[in-house]
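Student: Before we start, here is the structure in question, set down as structure tokens.
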Amino acid sequence: MPDRSCLSIVLAAGEGTRMKSALPKVLHKVAGLPLVGHVVAAARGAGAGDIAVVVGRGADEVRAAIDAKEGLLETFVQTERKGTGHAVLAAREALSRGYDDVLVLFGDTPLVQSDALLTAREKLASGATVVVMGFRTDKPAGYGRLIEDNGALIAIREDKDCSEAERAITFCNGGLMAIAGAHALALLDAIGNDNAKGEYYLTDIVAIARKQGLAVVAAEVDAQSVLGVNNRVELAEAESLWQVRRRHQAMLDGATLIAPETVFFSHDTVVGSDTVIEPNVFFGPGVTVDGGVTIHAFSHLEGTTIGTGAEIGPFARLRPGAELGEKSKVGNFCEVKKAKVGQGAKINHLTYIGDASIGAGSNIGAGTITCNYDSMNKFKTEIGSNAFIGSNSSLVAPVSIGDGAYVASGSVITQDVPGDALAFGRARQKTIEGRAEDLRARQRSIKEASSK
């Protein structure tokens, strides 16, 4: 909605005691992203250029976890807990600037979708002053009911206060709200605390707006969009629902997931079309996969980019900084970290490549390792194009192996190898006839002596 300015106020000051954690509740993660991060992303997707996050315990941690790269993002501290209405007013400074639309969101609803917020904003654009986002459920017990009359929302009735007829209503309060910016501060300031807890309830804004003759309506959104996380069980439920949604989208976008329920994506995973993902694959943050890639079973990927037509696994681990070129291969029981693997290069099995570059067409034999760490510093290994590294080789960085070079199996390479050279770095084999039986006899005598 480019013609309307929007402020999203994200309430993230809750204590989260039911999480039983030293970490603020909104910093627990779904798909590798803090709960509050999902909410901020949804707000941005709905056109909320400016975002105000109301924080409490762990304010500094929450600030550090929020991505502020787009739009104005501010944090406001709620020093006292006096209800949701009081929490929103903690962002008074932001509200006073004047916006067309104000969204009130909760930092523990990671499944909220931008489309739901846009639905509420559209109702504001059509003349509503307050929009309450609600959901339908066949098990409404315990939820506040949204009472409507001829399209207008006339009340939010708590479950304990409902009449028998009202208890049959399946349209329930989701908590999220949109308010016309021109009226937001006045309506919020009018909320009182004449109730048993002495708190300022945001839901009272409905009655206040109606009393002033302002339009109040409900907007139906998907139940997942208002699903809150209050404990570890609900955190796991939110993770499961998020993954189902993401897997579904990945397949619609052209990826094949052989056993979808066993694949776990991160919040920022990008998967190209015609990619095949076998069972039990885990994507950590920062993974981009081009089209036509095959990722075999039991692979773990994080912070990596994979070029078109590459093949990964099974049982491969790609760590941050791994960059795999087109049609390259990282096979079973291989680990790659902070390394560029050129087009068509192969790391087939039982290999560790770290802090390295491998040129196009090179072949890394089984059991090869780049010895990149000396207990204090990391060093780089550079392997040129079309090189051949024999099995069970140790490349002691810093070291460079030229284009077309050949390293013999079992070598320990400590010096640079020029292009097209052959390098051996191993002791000469020595064979002593009959010595094996002498060794066995000695071992038997030692064993007999120790048993006496």
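The values are calculated or read from the model by the stated rules, or taken from the named source; none is laboratory data. Given the structure is predicted, the values throughout are model-derived calculations rather than measurements. All Cβ positions, even for glycine, are placed from backbone atoms using ideal geometry, and neighbour counts span all protein chains on display. With ligands, DNA and RNA removed, areas are computed over all heavy atoms of the protein, side chains included. Shrake-Rupley method; radii C 1.70, N 1.55, O 1.52, S 1.80 Å.
Student: If you take the C-alpha gyration tensor of the chain, multiply each eigenvalue by 5 and take the square root, what semi-axes do you get, largest first, in whole Å?
Tutor: Details: eigenvalues 729, 114, 83 Å².
The answer is 60, 24, 20 Å, longest axis first.
Student: Got a sec? Which residues in region 211-243 would a label at THR137 touch, if it sits 7 Å along Cα→Cβ and we count backbone N under 17 Å?
Tutor: Backbone N within reach: 219-242.
Student: Just check region 301-452 against the gyration tensor rule for me: Cα atoms, a ≥ b ≥ c as the square roots of the eigenvalues, rounded for a/c under 1.5, and otherwise prolate or oblate depending on whether a/b exceeds b/c. If you can, show how the numbers build up before the last one.
Tutor: Values: a/c = 2.48, a/b = 1.90, b/c = 1.31.
It comes out prolate by the Cα gyration axes.
Student: Now a separate question. Given the pairs LYS337/LYS430; LYS29/LYS327; LYS25/LYS337; LYS25/LYS378; LYS29/LYS139; LYS29/LYS329, which span a C-alpha to C-alpha distance of over 30 angstrom in this model?
Tutor: Details: LYS337/LYS430 37 Å; LYS29/LYS327 34 Å; LYS25/LYS337 32 Å; LYS25/LYS378 37 Å; LYS29/LYS139 27 Å; LYS29/LYS329 32 Å.
Where the Cα-Cα span goes over 30 Å, the pairs concerned are LYS337/LYS430; LYS29/LYS327; LYS25/LYS337; LYS25/LYS378; LYS29/LYS329.
Student: Let me ask something else. Once R0 is set to 25 Å, what does the formula 1/(1 + (r/R0)^6) return for the Cβ-Cβ distance between ASP420 and TYR373, expressed as a FRET efficiency to the nearest 0.05?
Tutor: Working: r = 30 Å, r/R0 = 1.18.
After rounding to 0.05, the efficiency reads 0.25.
Student: Only bridges whose two residues both fall in region 314-383 count here: according to DSSP, what percent of them are antiparallel, nearest 5?
Tutor: Antiparallel bridges: around 5 percent, rounded to the nearest 5.
Student: Select from region 174-278 those trypsin sites (Lys or Arg not before Pro) which occupy a DSSP coil region and have at most 12 other Cβ atoms within 10 Å, ordered by residue number.
Tutor: Working: sites: LYS197, ARG210, LYS211, ARG232, ARG245, ARG246, ARG247; in loops: LYS197.
Those satisfying the criteria are LYS197.
Student: Plugging the Kirkwood radius over Cα pairs into Stokes-Einstein for region 137-203, at a temperature of 20 °C and a viscosity of 1.002 mPa s, what D comes out in µm²/s?
Tutor: Details: Rh = 13.5 Å.
The Stokes-Einstein estimate is 158 µm²/s.
Student: Kindly express, to the nearest 10 degrees and within the range 0 to 90, the angle between helix 35-45's C-alpha long axis and the longest C-alpha principal axis of the chain.
Tutor: 70
Student: Write down the percent of antiparallel bridges among all DSSP beta bridges whose residues are both part of the chain, to the nearest 5. The partial results should precede the final answer.
Tutor: Numbers: 19 of 97 bridges.
So the antiparallel bridges in the chain amount to around 20 percent.
Student: Only loop residues by DSSP count here, and only those with at most 14 other Cβ atoms within 10 Å; note down the GluC sites (Glu not before Pro) in region 343-446 that meet that.
Tutor: Working: sites: GLU382, GLU433, GLU437; in loops: GLU433.
Those satisfying the criteria are GLU433.
Student: Over region 315-445, average the accessible area per residue using a 1.4 Å probe and give it in Å², no decimals. Before the final figure, lay out each step's value.
Tutor: On the way: 7210 Å² over 131 residues.
That works out to 55 Å² per residue.
Student: While we're on this one: For region 1-133, what mean projected area does the convex hull of the alpha carbons give, in nm²?
Tutor: Values: hull surface 31.8 nm².
So the mean shadow area of the Cα hull is 8.0 nm².
Student: Go from 0 up to the bin containing the longest alpha carbon distance in region 230-324, width 5 Å each, and give me the % of pairs per bin.
Tutor: 3, 15, 25, 28, 15, 8, 4, 1, 0
Student: Looking at region 5-77, which GluC sites (Glu not before Pro) are DSSP coil and have at most 12 other C-beta atoms within 10 Å of their C-beta? Present the calculation step by step, with values, prior to reporting the outcome.
Tutor: Details: sites: GLU15, GLU61, GLU70, GLU74; in loops: GLU15, GLU70.
Passing both the DSSP loop test and the Cβ count: GLU15, GLU70.
Student: With n ≥ 4 as the cut-off for DSSP H runs, can you work out [θ] at 222 nm for the chain, using -39500 (n - 2.57) per run divided by the number of residues, rounded to the nearest 500?
Tutor: On the way: 10 runs with 98 residues, N = 452.
After summing the helix terms and dividing by residue count, I get -6500 deg cm²/dmol.
Student: For ARG442 and ALA427 in the same chain, what is the full-extension length gain: residue separation times 0.36 nm, less their Cα-Cα distance, in nm? Walk me through the numbers on the way to the answer.
Tutor: Details: separation 15, 0.36 × 15 = 5.40 nm, distance 2.60 nm.
Result: 2.8 nm gained on full extension.
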